[in-house]
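Below: the structure, in structure tokens.
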Amino acid sequence: MTIEPHATVLPGGVRLLVGRAPHAGTCSVAVFVRWGSAHESPRTNGIGHVLEHMAFKGTAVPGGFGRPLVRDARQVNLDAERLGAEVNAHTDKDHTAFYMRGLPEHAGRMLRMLAEIVLHPSLPADELERERQVLLQEFAEDEDDPVATAFKLFDKASFGMHPAAQPVMGTRRNLERFTRDDLVAHRAAGYLATQVVVGVVGAVRPDEMQREAEQAFAATPPGAAAPVPEPAWRGEVLTRALPGSSQSHLALGFPVPSRRADDPVATVAAALLGEGMSSPLLDRVREQRGLAYYTACSADVLDMCGQFVIEASMAPDDAVPLVREVMALVREQADKPAPQELERARRQLAVRALRAQERGLRWLEDLALEWLATGRLRPEAERTGRLQAVSAAEVRDFFAGLVRYTPALALTGSVARGMRERLREALAAPR
């Protein structure tokens, strides 16, 4: 399936991205807002995630004679499910997304429904008190998860007190005290026209979607929020023992350019090092040495920062030798990446791009976030062509640049005393 992208800026400043996919059986509609946990202060950390939950608790659309058209939480969900549509949302560090998936003939109705949820949430105070208990349970579950804890610590080890290191879910203290007025103020500060991309992908007509979007999102307040400054790299080692854990979970990484840089080299390098069972990371660490039962590598690129991340789950005694092995692998790629590894990575990325086109929401999100960060949309052929054109010399220089930084590292789960210093030594010492 090939998606034909059509992009336009609506009169009020909201951006519209329509992907025409004539052979798709379903249609996806989404709204992406450049307003996530990195846009929050320490006092408001977590409020965007609360707002995302509360947006579905009812809407109040301005109507005639000053009387709003009100829908409660059940009606919001029922109206979507009567169409057979799925409706959901997520919050990330650099954005919040709301989305629906249903039949192509309902694309216009789904656009209008999402516009109500995003632009006209009623945010009822009694629903906030009920949802607060759900959020606190979700927070407790996240706190008990060694992998989630490892990545929260890793962000701190990478960026210290910068907003990019704040957890999306916030803090328990914040969750317990947010009020409806807090939600209203946070929403008003960031849900602004130039912060928003509306997306539709499926067997739809772009001109019809534009007419629907112009009407549905005409009430989006004008303006833009200040971009989050890029953080300085800290490169610390942090550990946290969790009672009852018999395994250890590790995240290790280096800084890479943000999405604003529009640089594909980190993505190619991550695929080369650790995508697939035959990659150097999995072959050496798991298959040859048995140091981890799970390991992976990724380039996690956000609007204001990026991290080249190697993660692993292992027996506690294997943490130090695993770190030594990973650092050795990174240094080897800085010397000379194998040509066959680069060719494998290119082909895996080409297949990944095709898979994204088969998953409409994934395609929409990739392009919407690129548009918000860089101010432009590259044609699909240019995007994939740039990935395929990354050379061995660029990859070698990329890894050589990584090893000039002090890595950030987080270890959770079963953590022995003195482990932090042993990990620092493993990071510094050549194999």
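The values are calculated or read from the model by the stated rules, or taken from the named source; none is laboratory data. Fair warning: this is a prediction, and the values are worked out from it, not measured in the lab. Here Cβ is always computed from backbone atoms with ideal geometry, including for glycine, and neighbour counts include all displayed protein chains.
Below are the figures for this structure:
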quantity	calculated
Qualifying residue in segment 103-111 (condition: buried (at least 17 other Cβ atoms within 10 Å of the Cβ) and under 21 Å from Ala226 (Cα atoms))	no
Failed criterion for Pro229 (all others in (1) within 28 Å of Leu427 (Cβ to Cβ); (2) surrounded by fewer than 20 Cβ atoms within 10 Å (Cβ to Cβ); (3) of a type outside the set (Gly, Ala, Ser); (4) assigned by TED's automatic domain parsing to the domain that holds Asp142 hold)	(4)
Residue, modelled with the lowest pLDDT, within segment 342-358, restricted to residues that are buried (at least 18 other Cβ atoms within 10 Å of the Cβ) and under 30 Å from Ala426 (Cβ atoms)	Leu342
Residue within segment 295-313 that is without any contact (Cβ under 8 Å) to a residue 40 or more places away in the chain and either more than 25 Å from the chain's Cα centre (by Cα) or part of a helix (DSSP H, G or I) (or both) present	no
Matching residues, segment 146-170, being in a loop (DSSP other than H, G, I, E, B) and surrounded by 15 or more Cβ atoms within 10 Å (Cβ to Cβ)	Gly160, His162, Gln166, Pro167, Val168, Met169, Gly170
Those strands (runs of 3 or more DSSP E) lying entirely in segment 1-51 with at least 2 residues hydrophobic (A, V, I, L, M, F, W, C), under 19 Å from the mean Cα position of the chain (by Cα) and surrounded by 24 or more Cβ atoms within 10 Å (Cβ to Cβ)	27-33
Any pair with Cβ under 7 angstrom, 6 or more apart, that starts in segment 355-366 at a residue that is of a type outside the set (Lys, Arg) and ends at one that is part of a helix (DSSP H, G or I) and modelled with pLDDT of 90 or more	Ala356/Arg362; Ala356/Trp363; Ala356/Asp366; Gln357/Trp363
Those helices (runs of 4 or more DSSP H) lying entirely in segment 376-431 with at least 3 residues surrounded by 15 or more Cβ atoms within 10 Å (Cβ to Cβ) and of a type in the set (A, V, I, L, M, F, W, C)	392-402, 419-428
Selection status of Gln247, crowded, with 21+ Cβ neighbours inside 10 Å, touching a residue at least 12 places away in the same chain (Cβ under 8 Å) and among the polar types (S, T, N, Q)	no
Qualifying residue in segment 72-82 (condition: within 19 Å of the chain's Cα centre (by Cα) and either without any contact (Cβ under 8 Å) to a residue 12 or more places away in the chain or within 30 Å of His162 (Cβ to Cβ) (or both))	no
Pair list, Cβ under 6 Å, 6 or more apart: segment 328-352 residue over 15 Å from Arg284 (Cβ atoms), other residue among the β-branched types (Val, Ile, Thr) and surrounded by 13 or more Cβ atoms within 10 Å (Cβ to Cβ)	Ala334/Val403; Ala345/Val268
